[in-house]
1. Would you be able to say whether some residue in segment 50-59 is modelled with pLDDT under 65 and over 11 Å from the mean Cα position of the chain (by Cα)?
2. Exactly one condition in (1) within 11 Å of the ligand (Cβ to nearest atom); (2) buried (at least 16 other Cβ atoms within 10 Å of the Cβ); (3) at pLDDT 85 or above is false for ASP43; which is it?
3. Name the residues in segment 1-42 that are assigned to a loop (DSSP other than H, G, I, E, B), farther than 12 Å from GLY53 by Cβ and touching a strand residue (DSSP E or B) at 6+ places or on another chain (Cβ under 9 Å), would you?
4. Pairs needed: first member in segment 13-42, touching a residue at least 40 places away in the same chain (Cβ under 8 Å); second member anywhere, within 16 Å of the ligand (Cβ to nearest atom) and part of a helix (DSSP H, G or I); C-beta distance under 7 Å; at least 6 residues apart or different chains.
Amino acid sequence: MNSWEAAAVRRLVNTVRCPRCGQAFHADDVGVLDHRPDEWLLDVVCRTCESYGLVLAEIETDTAPIDALEVDEWRRFLRDFDGDLRDLLRA
Ligand SMILES: [Zn+2]
């Protein structure tokens with residue numbers, strides 16, 4: 001993870017909470033699985049309730065990178081967080 005990614009992850013963990021238990025995520029709990037210029041696939045694991053999920057975050061590359069993360073994408077995804085989406089990765 002480069003410093004740009006690390007900063008983005010820090011920003012995300014400050015704004016997104018576990019939809020199951022409300023616990024904040026830690027930067028160590030968020031992994032960048034893959035990213036294209038405008039989309040990142042992230043995985044998150046909650047330390048408290050052990051929920052697992054994937055997040056597709058859209059990045060607007062023409063604006064300041066940290067503020068460009070679409071937190072609404074996280075929220076939309078996390079509403080449907082079902083705790084076991086690992087199979088999607090293998091599809
Ligand atoms: Zn949780």
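1. Checking segment 50-59: at least one residue is modelled with pLDDT under 65 and over 11 Å from the mean Cα position of the chain (by Cα).
2. Among (1) within 11 Å of the ligand (Cβ to nearest atom); (2) buried (at least 16 other Cβ atoms within 10 Å of the Cβ); (3) at pLDDT 85 or above, ASP43 violates only (1).
3. Those that are assigned to a loop (DSSP other than H, G, I, E, B), farther than 12 Å from GLY53 by Cβ and touching a strand residue (DSSP E or B) at 6+ places or on another chain (Cβ under 9 Å): MET1, GLN23, ASP38.
4. Hits for this filter: VAL16/TRP74; VAL16/LEU78; PRO19/LEU78; PRO19/ARG79.
The values are calculated or read from the model by the stated rules, or taken from the named source; none is laboratory data. A quick note: this is a predicted structure, and the numbers were derived from the prediction, not measured. As a convention, Cβ positions derive from the backbone with ideal geometry for all residues, glycine included, and neighbour counts pool all protein chains shown.
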